[in-house]
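Notes to accompany the following structure.
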Amino acid sequence: VDVCNNSEHSFVLDGDYFPAGELKSDRQIVLAPGVSTKVALSATMEGIKGLMWFVDTEKHNVYVSFAFCRPTIGGTRFSCRVGAPPANLKNDIGSAPNLGKDKFPPNDASNREFCCEWIATADGVQVTIPQEVPFYLPPTVEEYAAAADPAARAGERPADFMAQTRPMDATDGLVRGLKTAGQGVAGGLASCVAAPILGAKSQGAVGFVKGLGMGLVGGALMAVGGVTCGAAQVGRGFMQIPTAYRARQEEKVWDQELGQWIDVDLVALEHEVAGYKLDDDSPAAGSSGGPSAPVVETEYYELLGVSPGATPAEVKKAYYKEARKVHPDKNPDDEGAKDKFQELQQVYQVLADPDSRKKYDKEGKAGVTAEKNVQMDAKAFFGLLFGSEKFVKWTGELKMAMQMDHFSKTVMSQDAEEPEDMDRGSEIVRKQQTAREVFCAVNLRDKVERMVYGRNLAGFEEQMRLEAHELAGAQYGPELLAVLGERYQLRAEIYLANELAGRFSMKKRWASMNNNWAMARHGVDFYSSAALSVYRLSGVRSAQKSAMKKAVKAAEQDPSVDVEAEQSRAMEAAFDSALPTWMKTAWYWVVRDIDTTVKNVSRKFLQDKSVPWQIRIRRAHALERLGQIFSEEAKAAAAAGPGEQTVTPEEVKAKIQEALMGSMRES
């Protein structure tokens, strides 16, 4: 490929993809301005088929993208695009125009698409880059909002049962079918056993015979119905094979609520979740900031180190930071630490509640001194307990915290004049999780921009190492870093293997196997710990009964023995000894939550159709490097000191008490 560069830009190789053949020239080759540069390719037995793309060395926003297909037998296809990359350069391998002796493009209309010219030569092809070339700018949510249809309703989902139960492919259909058939057969067997027993209890032998007959009929109907529905699901799955194959080729993702394969557009999703009404103060909810009018006093804001216009998320972050600094357990030699911490709690209780904050802004401290009920902020509690307040940009609000917060609001609404609608509550939880995933994907997009668009690998690595080092200092910091690092690397490896090696390649199979093994390992950790937690709970009950018997027996000999006190002490001791196990189970639940969330976040980040395929490949490389950095910093932090996964009941109690104290707020 002889490239005549008439522009003022120098171009360097940014990436390539060769299913057949390879790049023969030095990878450091430069397409210098004002000269012709030869780029040599070598063929294999299958010929030459692939892509390569160059980017300008100054602003990295002008691309020269080549696609070529020269099989051993058959004609040659070739295309070159200058300026912005195409939506998916891989598609040009099969759709590029045939290479002929006439100059291409033949007219100005098609030239606007390619922005360059080429013609076949004796050695290959000659490409001419013009003097004036367009450049590429990534899309922004502001541009999308300006062009979006204002009548479109954000987040609307159809309630279609058939669509929501549709399997995504044959494998999913087979799994769903077997599950449905198994449930039907199990229900039928249960009916056959239960009906005669219930009949015998109510009517004796006659009831047994009647129940046996009804059980056999009902069980048979349930079994047949289950098998029929299961077979239908398998059939629906096989019908989805062509659609699923095309969708995966086009990098679409499966949306179970819609029951169809969809394109991911992160910019559109960012705009969509900004319009969600979640009644939530998390960053993912897109909450607004403080007052637009002047406030009466700013003492509370100054104590937290934020401005009166700070968003609820900024207020929460500042409180977490200050609470750890002044907590009495962190300052055992400071007699005034307890008072400082209580004052900080009072400040947060006011500024975290929208109504109290408005009253404080308008009337000052005098307006918020009325006595209120104190309740636990579930999100703040779990954020302090697992150190996730520092990781909120990477993990979002933990699902455990969101569910607990929603549960507490639902309970509170039972006494209200208008109890919360359950369907609306489920919709809010769904939107919260979607907003969480989009928020984390947008954070990833912004974090890797330095490497993806700026090509500044050294600066990106330095920035991420500094941030990872700070994150490692949080409670459970090394453990959270390790989980994120592993997940990021695995998701990036799967994407790169799928795009550059092929969906059915050994590299893709190996990457998927590693991912499935990690997910299975985390699942085994959780379920085994959960089983142990149930066992420890039964131990608490056994300790209660045993203490009761001993106390009663002791009281018979000594009437001064307090039976209730002895029973309480025994229960408390058994409860304390079980705390580490329960804490570990909660931690493994967090890990599984992060597993699922990062999987969805990575799909939104890597399969984002708002940017070209070449940018998505660069994102995958950046995500892989980010995962490596997080894993390295997690190992370094773990080696430098003991991990934060506490093992003694005293340490667990201290951390729970610290989180409880920091999460109390007035209502």
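The values are calculated or read from the model by the stated rules, or taken from the named source; none is laboratory data. Because the structure is a prediction, the values reported are computed rather than measured. Neighbour counts run over all protein chains shown; Cβ positions are idealised from the backbone, glycine included. Surface accessibility is based on the protein's heavy atoms, side chains included, excluding ligands, DNA and RNA. Shrake-Rupley method; radii C 1.70, N 1.55, O 1.52, S 1.80 Å.
Only Lys, Arg, Asp and Glu count, each charged at its Cβ (+1, +1, -1, -1), so figure out the dipole size of the range 11-145 about its Cα centre, rounded to 20 debye. Mind dumping the intermediate values first?
Details: 12 positive and 16 negative charges, 96 e Å.
Magnitude of the dipole: close to 460 debye.
Could you order the peptides 51-63, 604-616 from most to least packed, using the average number of other C-beta atoms within 10 Å per residue? Show your work: numbers first, answer last.
Details: 51-63: 19.8, 604-616: 21.3.
Packing order, densest peptide first, comes out as 604-616, 51-63.
Provide the convex hull volume over Cα atoms per residue for the range 1-99, in Å³.
On the way: hull volume 8.8 nm³, N = 99.
Normalising the Cα hull of the range 1-99 by residue number yields 89 Å³.
Between Rg and the Kirkwood Rh of the range 525-607, both from Cα atoms, what is the Rg to Rh ratio?
Values: Rg = 20.8 Å, Rh = 15.4 Å.
Rg/Rh for the range 525-607 comes to 1.35.
Can you give the FRET efficiency to the nearest 0.05 for Ala186 and Val12, using r as the Cβ-Cβ distance and R₀ = 60 Å? Please list the in-between numbers first.
Numbers: r = 63 Å, r/R0 = 1.04.
Result of the calculation: an efficiency of 0.45.
Post the alpha-carbon centroid distance, the range 206-225 to the range 478-551, in whole angstrom.
42
Using the beta-carbon distance between Glu461 and Thr298 and R0 = 51 Å, what value does 1/(1 + (r/R0)^6) give for FRET efficiency, to the nearest 0.05? Mind dumping the intermediate values first?
Values: r = 40 Å, r/R0 = 0.78.
So the FRET efficiency works out to roughly 0.80.
Suppose every K and R has +1 on its Cβ and every D and E has -1 on its Cβ; what is the size of the dipole of the range 450-535 about the Cα centre, in Debye to the nearest 20?
Details: 10 positive and 9 negative charges, 103 e Å.
Charge dipole, the range 450-535, about its Cα centre: 500 debye, nearest 20.
Give me the Kirkwood hydrodynamic radius of the range 37-91, using the inverse of the mean 1/r over all pairs of distinct Cα atoms, in Å to one decimal. Write out the running numbers ahead of the final one.
Values: mean 1/r = 0.0801 Å⁻¹.
Value: 12.5 Å, from the Cα pair sum.
To the nearest 0.05, what FRET efficiency results for Ser512 and Ser542 with a Förster distance of 51 Å applied to their C-beta separation? Mind dumping the intermediate values first?
On the way: r = 45 Å, r/R0 = 0.88.
With a Förster radius of 51 Å, E is 0.70.
From the alpha carbon gyration tensor of the range 206-280, can you work out the equivalent ellipsoid semi-axes (sqrt of 5 times each eigenvalue) and give them in Å, largest to smallest?
Numbers: eigenvalues 408, 99, 5 Å².
So the three semi-axes of the range 206-280 are 45, 22, 5 Å.
Would you pull out the residues with amide H under 5 Å of Asn6's amide H, same chain only if 5 or more places away, H placed 1.01 Å from N?
Distant-sequence amide H within range of Asn6: Gly34, Ile129.
Can you list residues from other chains, or at least 5 along the same chain, whose modelled amide H is less than 5 Å from the amide H of Gly47?
Here the answer is Thr72, since their amide H atoms fall under 5 Å of that of Gly47.
Specify whether the C-alpha gyration tensor of the range 448-558 places it in the rounded, prolate or oblate class, a ≥ b ≥ c being the square roots of the eigenvalues: rounded for a/c under 1.5, otherwise prolate if a/b is larger than b/c and oblate if not. Walk me through the numbers before you get to the answer.
Values: a/c = 8.63, a/b = 2.27, b/c = 3.81.
Verdict is oblate for the range 448-558.
Hey, can you rank 303-310, 622-629 by average C-beta count inside 10 Å, highest first? Display every interim value, and only then the final one.
Details: 303-310: 16.9, 622-629: 21.4.
Ranking, from highest mean packing down: 622-629, 303-310.
By the gyration tensor of its Cα atoms, with a ≥ b ≥ c the square roots of the eigenvalues, what is the shape of the range 164-268: rounded for a/c under 1.5, prolate for a/b over b/c, or oblate?
Working: a/c = 6.18, a/b = 3.43, b/c = 1.80.
Verdict is prolate for the range 164-268.
Counting only heavy atoms of the protein chains, get the accessible area per residue of the range 1-126 (1.4 Å probe) and round it to a whole Å² value.
On the way: 6350 Å² over 126 residues.
Accessible surface, normalised per residue, equals 50 Å².
Expressed in nm to one decimal, what extension gain is obtained for the pair Glu572 and Lys59 from 0.36 nm per residue of sequence separation less their Cα-Cα distance? Walk me through the numbers on the way to the answer.
Working: separation 513, 0.36 × 513 = 184.68 nm, distance 6.52 nm.
Extra length from Glu572 to Lys59 when fully extended: 178.2 nm.
What's the percent breakdown of Cα-Cα distances in the range 434-482 across 5 Å bins, shortest bin first?
Reading upward from the zero bin: 5, 19, 18, 22, 24, 10, 2.
If you stretched the chain out fully between Ala122 and Asp255, how much longer would it get, using 0.36 nm times the residue separation minus the C-alpha to C-alpha distance? Kindly include the intermediate steps, with their values, before the conclusion.
Values: separation 133, 0.36 × 133 = 47.88 nm, distance 5.05 nm.
Net length gain for the segment: 42.8 nm.
By average Cβ neighbour count within 10 Å, what is the ranking of 178-185, 436-443, 448-455 from highest down? It would help to have the intermediate numbers written out before the result.
Details: 178-185: 16.5, 436-443: 23.6, 448-455: 18.5.
Final packing ranking: 436-443, 448-455, 178-185.
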